[in-house]
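Asks: I'd like to ask you about the structure that follows.
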Amino acid sequence: MANALIGSHPSHGFKVVEQLDSNKQLTRSDSGKLYFVDQPDIHAFVSLPKLSLEIAGWHCKFILRSIGTSGDFHIKAFGDWEEDGTTGDADTVQILEVGASKTGISNADNVQFYQNAVTEGAVIEIMTDGSNWYALGYANVAGDVYGDG
Amino acid sequence: MANLKIGSHPSHDLEVAEKITEAKQLTWNDSGKLFFVEQGSGSYVVNLPKLSTEIAGWQGKFILTKLGDAVEINGYGITAANTPATAEDLEKMFYVDFTHATYEEDNTVDGVSFGASAATLGCIIDIHTDGSNWFVMGHGDIANDIVKVG
């Protein structure tokens, strides 16, 4: 093993802002976007791009803008499943949540603004080395940021 | 005193991803990189560039991706905590650590490390400089994920 360049990937540098309130497949060209999330009243699934070394460095930031009543807002690894996937990029999300339950979750399928979220302004940052996703969540209560699968 | 620009420094804007698995001297050109850090068998040191107002704005983000022995991210010329004692950039780091077990801050440290008993893949260290000091924020789960040096 040695120090090495993994790759590089163009970024919008947080100069592009989008809102999310329903299912969406993110792509390679979405790196560096700021996503403001309006949590819907039913579960929503935003899929990250398919992992590959060609997207090493892909990153983005999700900010919870409004709270729903009973829907999880999933930010999930690539794959044709809604929860607890076993194919595609399942088990590749490494989560660290700080602020509330303060916990790490290894090899998850998704990170979420959970249905019990109460804190507008909670943030999830996501980045990848091309092999795994690394998610850093800033929460106020345990339900703000959650992960499973 | 007055509000004023300190400087500016080119950045990769998190578009470049690098893997770190062994000792490394970072340079001015590394600002804005995502560094994915692998701990291994045996600790090692990553050194930050030499402080100067010419690098005001230099920044880097370090993410732990493999567990093992400690990896220190130290000021320039510091091979391990407080050694050598004449290193110019000793005690030039302002350190804030948010973890499950502890909240800790110290404004005279030599470096920051992913500790020898780190247990959390994905814990993160963000580093910035104004050219005179390093400002470090660590996000961990257990106390040993992020440990100050010196």
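Read-outs: derived from the displayed coordinates by stated rules, not from any lab. This is a predicted model, so every value here is computed, not measured. Every residue, glycine as well, gets a Cβ built from its backbone with ideal geometry; the counts of neighbours run over all protein chains shown.
Asks: Residues with beta-carbon under 9 Å from that of B:THR108, excluding B:THR108: net charge, scoring Lys, Arg +1 and Asp, Glu -1?
Replies: The answer is -2.
Asks: Remind me, relative contact order of region B:17-149 in percent, using alpha carbon pairs under 8 angstrom and six or more residues apart?
Replies: That works out to 25 percent.
Asks: Mind checking A:87-97 for the average number of partner chain beta-carbons within 10 Å of each residue's beta-carbon?
Replies: For peptide A:87-97, the averaged partner shielding equals 3.
Asks: Sticking with this structure for a sec: Note down the relative contact order for chain A as a percent, whole number, built from C-alpha pairs under 8 angstrom at least six residues apart.
Replies: 22
Asks: For A:SER47, what residues show an amide H to amide H distance below 5 Å, using hydrogens built from the backbone and excluding near sequence neighbours?
Replies: Hits under the 5 Å cutoff: A:LYS24, A:GLN25, A:LEU26, A:LYS76.
Asks: If you take the Cα Rg of chain A and divide it by 2.2 N^0.38 Å, with N the number of residues, what do you get?
Replies: Output field value: 0.97.
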